[in-house]
Ligand SMILES: Nc1ncnc2c1ncn2[C@@H]1O[C@H](COP(=O)(O)OP(=O)(O)O)[C@@H](O)[C@H]1O
Ligand SMILES: [Mg+2]
């Protein structure tokens, strides 16, 4: 993640606050789409596509990093086709039921939200993000929790990697970790991560950390930082409500 | 500058780790804190920084209590025994400016300060490297840099040379000698203590076993061996070899 946030691109240079606002609204809009409005939702792919391109982030990395989460998100809608059998569209011998469409919509929503969050994280260092959160008056407590959670996830992964290596060096020819060792392995992992996390936090305190993220405060927002979210949000709203307008129009016409 | 009066401490488990310690470290003094593994050196340093609840310590006449912690921590720079736990920003540079910016310097000033410190330590090449992708010794040098950049009035170092190659070890020793600040170095690298400190406090099972001039204490074979240490290598065989 650090490698990605270090890239220098127009997207990376944007003010963290403007990216945070854009992403939040993007996610809200994506979630608000109607469950059958697949075509409207599909247009929302434009936003991540633009960010991948301008931010020089290879999309492959994004999907590789999220390979464990994606299936979970996609699994959410799997049952829909069995419950909702209203036929929506007939293509020759194929009948698309409402269930199938809502399943695809739900999956797409999940993927889009994940991708957007990933892009935010990949183009904005976490400390800057925290600073931005403070600026929109998020409670300090919550922002600090967010930062620490982010750091501790990495501490835990690192500890797990080290422990697995140490385990395997002394258990040659064994695949993975034998189930008899799971309990102590997990316990140790937790204790070690907690110790390390505690010391890391102390070390932040010793160097004057007081939850204000002054060190991450960058430049003042410029004209680009205002234009970007305004343009993007307008675009989202157009995609979102354009369809509604169509439908309204159709209703009115039918009524007449 | 740092005064201890009857300081005792035990972790929850019961047996005392620090046992009625009293001594004072004057401003500008360089003191070595020696003792076998588990003697309580790290615990003592952590107590001085207020990381452990522990009564009887004052720093510049400020008692180490919650209200004074931020002032005390600004005065004392602490280099942890394990640098992995000290570095938390993505890059070395960001880690080094973290402290100064928190204490009110602007980013430019902090960056300049960081530049100076990195040059002193000879780690300019690490500036934009990622903390999780550098070696243990490089990390240690960066951690020392992160503390020096805050211009502390006293340096508390916990095994500062334990991961360093001879060349970097020599560099740290020379740097410590060139800094006029108060120093408290916990280590069992006795040669290094001998090179940097004029006074030594020998800790054993949480008690001060000896306190006096470095040459006297480190030179006493009986004292050293009774406390699971040995004479500095330089005194065991003749002549020291060092070339950096
Ligand atoms: N978090 C802890 N909980 C309980 N006991 C501890 C903890 N940390 C250290 N100790 C014990 O305190 C004693 C002193 O440890 P420490 O100060 O780290 O020694 P050292 O002189 O090697 O730095 C050791 O016996 C150790 O087992
Ligand atoms: Mg120690």
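Some notes on this structure:
- Equivalent ellipsoid dimensions for region B:2-220 as semi-axes, Å, which come from the Cα gyration tensor, largest first: 28, 20, 16
- Beta-bridge orientation, the protein assembly as shown: approximately 55 percent antiparallel, per DSSP, counting only bridges with both partners inside.
- Of all the options B:148, B:21, B:49, the one that moves most in a Gaussian network model of chain B with Cα springs shorter than 10 angstrom is B:21.
- Our note on the geometry: Cα centres of region A:130-184 and region B:9-61, 31 Å apart.
- Quarter the surface of the alpha carbon convex hull of the protein assembly as shown and you get the mean projected area, 32.8 square nanometres.
- Residue with peak Gaussian network fluctuation, chain A [Cα springs, cutoff 10 Å], from A:141, A:107, A:232: A:141
- Packing-based exposure ordering (other Cβ within 10 Å, fewest first) of A:165, B:138: A:165, B:138
- Put in order of Cβ neighbour count within 10 Å, fewest first, the listed residues B:167, A:130 become B:167, A:130.
- Proportion of all alpha-carbon pairs of region A:135-206 beyond 15 Å (%): 63
- Residue by residue along A:207-213, Cβ atoms of other protein chains within 10 Å of the local Cβ number 5 on average.
- Spatially, region B:114-162 and region A:53-121 are offset by 47 Å when compared through their Cα centroids.
- Principal-axis tilt of helix A:126-135 within chain A, Cα atoms, nearest 10 degrees: 60
- With R₀ fixed at 45 Å, the C-beta to C-beta distance from residue B:175 to residue A:171 puts the FRET efficiency at about 0.55.
- Sites residue B:220 and residue A:3, calculated FRET efficiency, Cβ-Cβ separation with R0 45 Å, nearest 0.05: 0.25
- For region A:1-125, the share of alpha carbon pairs falling in successive 10 Å distance bins from zero is 13, 38, 29, 14, 6, 0 percent.
- Spin-label model distance (nm) - residue A:231 vs residue A:180, 7 Å beyond Cα toward Cβ: 6.4
- Fraction of beta bridges assigned by DSSP in chain B that are antiparallel (%, nearest 5): 50
- Difference of contour (0.36 nm per residue) and Cα-Cα distance, residue B:209 to residue B:66: 48.5 nm
- With a 10 Å cut-off around each Cβ of B:87-93, the average count of Cβ atoms from other chains is 5.
- Between A:17, A:191, A:114, the Gaussian network model of chain A with springs among Cα atoms under 10 angstrom shows the greatest mean-square fluctuation at A:191.
Rule-based calculations on the coordinates, nothing more; no lab input. Just so it is clear, the structure is predicted and the values come from calculations on it, not from any experiment. When we count neighbours, we look across all protein chains shown, and the Cβ atoms used for this are built from the backbone with ideal geometry, even at glycine.
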